[in-house]
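The values are calculated or read from the model by the stated rules, or taken from the named source; none is laboratory data. Because the structure is predicted, anything quoted here is derived from the model rather than measured. In this analysis, Cβ positions are derived from the backbone assuming ideal geometry, glycine residues included, and neighbour counts consider all displayed protein chains. These accessible areas exclude ligands, DNA and RNA; they are computed on the full protein's heavy atoms, side chains included. Shrake-Rupley method; radii C 1.70, N 1.55, O 1.52, S 1.80 Å.
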Amino acid sequence: MPKALGRLQTILRRGLDATASLWPEVRVAYGWVHRAAHILHNDTQEPGAAVQRRLHGLLGAMGQHQAKAGSLAPALGHFLKVSRSDWPGLFHCYSVPDLPRTNNDLEQFFGAYRYHERRATGRKVASPTVVLRGAVRLVACAATRLRPFTGEELAPDTISAWHELRHALETRRHQRTQRRRFRRDPATYLGKLEAQLLQLILPP
């Protein structure tokens, strides 16, 4: 056991010695990213405007001194680019009560739905009907995980709302059918559209 521990220590020492020149760059880059994570975590419960100001200042400093990260400068450049892209919606969670800071829970929910769908259908990829009827299927999936529902509870409160939902789902199905027909034979599809247009504008 002592010999194995000694060999392990030797391997670690050699690895640290071989990568010693890289650690200063890692230390700089990690320090900046760690500070950004600390600001966004907002332990002091500051308002969104204050969090935004602090992060804006840090990102500005990172951009000015990006070269100090050496070989990790491109990675920091990507971090700055993604931060600018997400900036408009990055701070709502500090102003809206109970709004999650990340979409991790939402991703887990979609993943659970795909898992159960694969188990039920045997399909390895998501069904196209998720796009068409996701407004119904995903809500049903979320609700039935909480408790079972009786037939009376599933009845719509208002017939008009039920008709509107059915109409929206049918519209999506029709649009998908039209796109599939166009991809299959664009010339024929456009020819039919042209004929329909001529029927509308020409006199009988």
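Give, as a single signed number, the net charge of other residues whose beta carbon lies under 14 Å from the beta carbon of ARG114, with Lys and Arg counted +1 and Asp and Glu -1.
Net charge in that neighbourhood comes out at +3.
If each of HIS56 and ARG84 carries a label point 7 Å out from its Cα toward its Cβ, how far apart are those two points in nm?
Placing both labels 7 Å beyond Cα along the Cβ direction yields 1.5 nm.
Give me a comma-separated list of calculated 3J(HN,Hα) values for the stretch 4-12, in order, Karplus coefficients 6.51, -1.76, 1.60 applied at θ = phi - 60°, integers in Hz, x for any Gly or Pro.
In residue order, the calculated couplings are 4, 5, x, 5, 5, 4, 5, 5, 5 Hz.
Quick one: check the C-alpha center-to-center distance for the stretch 75-135 versus the stretch 1-53, whole angstrom.
Taking the Cα centre of the stretch 1-53 as reference, the centre of the stretch 75-135 is 28 Å away.
Given a Förster radius of 41 Å and the C-beta distance between VAL130 and ALA18 as r, what FRET efficiency does 1/(1 + (r/R0)^6) yield to the nearest 0.05?
The value I calculate is 0.25.
Within 13 Å, Cβ to Cβ, of LEU59, how many net charges do the neighbouring residues add up to if Lys/Arg are +1 and Asp/Glu are -1?
Values: positive: ARG35, ARG53, ARG54, LYS81, ARG84; negative: ASP86.
For residues surrounding LEU59, the net value is +4.
Heavy atoms only, probe 1.4 Å: what % of the accessible area of the chain goes to carbon and sulfur, would you let me know?
So the carbon and sulfur contribution to the accessible surface is 61 percent.
According to a simple spin-label model (label point 7 Å from Cα along Cα-to-Cβ), what is the distance in nm between ILE11 and LEU169?
That separation, rounded to one decimal, is 5.8 nm.
Between 0 and 90 degrees, rounded to the nearest ten: what's the tilt of helix 23-41 against the longest Cα principal axis of the chain?
50 degrees
Just to confirm the number: angle between the C-alpha axis of helix 48-64 and the first principal axis of the chain, 0 to 90 degrees, nearest 10?
60 degrees
If amide H atoms are built 1.01 Å from N in the plane of the peptide, which residues on other chains or at least 5 residues away come under 5 Å of the amide H of ARG101?
none
If you count only protein heavy atoms and use a 1.4 Å probe, how large is the accessible surface of LEU12, to the nearest 10 Å²?
Solvent-accessible area, nearest 10 Å²: 100 Å².
Per-residue HN-Hα couplings for the stretch 82-93, Karplus 6.51 cos²θ - 1.76 cosθ + 1.60 at θ = phi - 60°, whole Hz, x for Gly and Pro?
With the stated coefficients, the stretch 82-93 comes to 5, 4, 5, 5, 8, 3, x, x, 7, 10, 4, 5 Hz.
Students sometimes get this wrong: rank TRP23, TRP87 by accessible area, probe 1.4 Å, all chains present, largest first. Let's see the in-between values first.
Values: TRP23 115, TRP87 55 Å².
Accessible-area ranking of TRP23, TRP87, largest first: TRP23, TRP87.
I need to check one value: relative contact order of the stretch 1-153, counting alpha carbon pairs closer than 8 Å and at least 6 residues apart, in percent.
Relative contact order of the stretch 1-153: 17 percent.
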